[in-house]
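Notes follow the structure.
The values are calculated or read from the model by the stated rules, or taken from the named source; none is laboratory data. This structure is a prediction, so every number in the text was calculated from the model and none was measured. FYI the Cβ positions are ideal-geometry reconstructions off the backbone, even for glycines, and counts take in every protein chain you see.
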């Protein structure tokens, strides 16, 4: 799963190949995609760091196809002081000759059985905040196979993803190596986060696909009121709406995947990198919310049977809930979208891609869908151009969601036009029309200007 991306046998399509496997693999593997995502992210962060010694030491293990040589990696960032606000990290790093020793408590460390981890700590004497943190490489066990100055307090009792060992642990003088200097740890771990957020997006999409496959199969077999559910117009209409959400999410997630592949093969220009920086958090936040909504409806489509544990449906919904939390909550990612726009180039890059996508649409029904998407994107652009301060932050989620859903609709229109032209298949057209009716302009459908006052009222 990891080697596929780094062997580059398919050039810029290697990431598409890898994430196609991820899409098939994730829902059936007891959440093993979680440690794999962090392993992929660690490989990317180390490769980007230029630290030759660590690259030679760890990368062959992280990308190996040999089970005896393969390592997984953890990602130890979250502390009790906060998850997303890593600037509050309390773990310290002290010099010990040529290496460092880490001291602190990590509150939420998934894949606790991994052979290595990347973690943030503050070298003694460094200033407070994110700038004072450094990125460290840790091998979790000593030569005798024992945890190396790491004390595991407990495994977390989680709502979902229960099969992934998530630990609360103390680093008690844990040996470590600085990955890329003694500061700017947040910047140096960013390549890892970009990869893990993409795994999150594709995994969220794959859970929707698994749920829909089960729901369609059940609808053909379950007889109610004299006919299978597949023959009931209301039931079919419900599933059609969910299918449209899945298809749009699929194209949004895999467009981001395509950009990563082009970037890693040296075929992405600066404008494309701006677009990748913008779409990575957008794809993650949109697909994460879609997955929870779709799987909740999937469970309901089974009636009481869906509520019973031994069907497996409750675990699908519980596990899906994490997709909007891991690697940044919806609100955190929405603010990250605003940061991605600060250079001024990302929105321009998005506009170029919008025009390219829209120009390829010719079918009259698809043109109506594309017009709906372009209208939503224009609404978002006008809103951000005329908004600042608290109102800008308060509307960040609606802005990001509008960008994501509208762009996903355009991608779906492109696929639908291709399907009509090459396969005479109208199913993607129907999905595009339905997704457009599900709603893409969240800016227009909410009273943005009143949001701050309403929020203050809600807080009492």
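When you check residue 285 against the structure, is it closer than 17 Å to residue 351 by Cα and touching a residue at least 40 places away in the same chain (Cβ under 8 Å), yes or no? Step through it out loud before you land on a result.
On the way: closer than 17 Å to residue 351 by Cα: no; touching a residue at least 40 places away in the same chain (Cβ under 8 Å): yes.
Answer is no for this residue.
The condition of being in contact (Cβ under 8 Å) with a residue 40 or more places away in the chain and surrounded by 17 or more Cβ atoms within 10 Å (Cβ to Cβ) holds for only one of 152, 205, that being 205. Residues that are within 24 Å of residue 415 (Cβ to Cβ) and free of Cβ contacts under 8 Å to residues at least 60 places away in the same chain within region 211-249 comprise 213, 216, 236, 237, 242, 246, listed in sequence order.
Please enumerate the residues belonging to region 5-28 that are more than 18 Å from the chain's Cα centre (by Cα) and either more than 26 Å from residue 138 (Cα to Cα) or free of Cβ contacts under 8 Å to residues at least 12 places away in the same chain (or both). Reasoning before the result, please.
In the first step, residues of region 5-28 are kept if they are more than 18 Å from the chain's Cα centre (by Cα); the result is 6-14, 28.
8, 9, 10, 11, 12, 13, 14, 28, listed by residue number.
Any residue that is in contact with a helix residue (DSSP H, G or I) (Cβ under 8 Å, 6 or more places away or on another chain) and either under 25 Å from residue 319 (Cα atoms) or in the same structural domain as residue 171 (by TED's automatic domain parsing) (or both) - is there at least one of those in region 88-108? For region 88-108, residues in contact with a helix residue (DSSP H, G or I) (Cβ under 8 Å, 6 or more places away or on another chain) and either under 25 Å from residue 319 (Cα atoms) or in the same structural domain as residue 171 (by TED's automatic domain parsing) (or both): absent. Among the residues of region 54-71, those that are touching a residue at least 60 places away in the same chain (Cβ under 8 Å) and part of a helix (DSSP H, G or I) comprise 54, 58, 62.
Condition check ((1) assigned to a helix (DSSP H, G or I); (2) outside the structural domain of residue 442 (by TED's automatic domain parsing); (3) within 16 Å of residue 404 (Cα to Cα)) across all residues:
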site	(1), (2), (3)
317	yes, yes, no
320	yes, yes, no
333	yes, yes, yes
336	yes, yes, yes
349	yes, no, yes
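Give region 253-282 a look and list any residue that's over 17 Å from the mean Cα position of the chain (by Cα) and either in a helix (DSSP H, G or I) or touching a residue at least 60 places away in the same chain (Cβ under 8 Å) (or both), or say none. Answer for region 253-282, where residues must be over 17 Å from the mean Cα position of the chain (by Cα) and either in a helix (DSSP H, G or I) or touching a residue at least 60 places away in the same chain (Cβ under 8 Å) (or both): 262, 263, 264, 265, 267, 270, 271, 272, 273, 274. Of the candidates 174, 196, the single residue that is part of a strand (DSSP E or B) and in contact with a strand residue (DSSP E or B) (Cβ under 8 Å, 6 or more places away or on another chain) is 174. Based on this model, can you work out whether residue 109 counts as touching a strand residue (DSSP E or B) at 6+ places or on another chain (Cβ under 6 Å), more than 22 Å from residue 46 (Cβ to Cβ) and surrounded by 14 or more Cβ atoms within 10 Å (Cβ to Cβ)? Criteria not met by residue 109.
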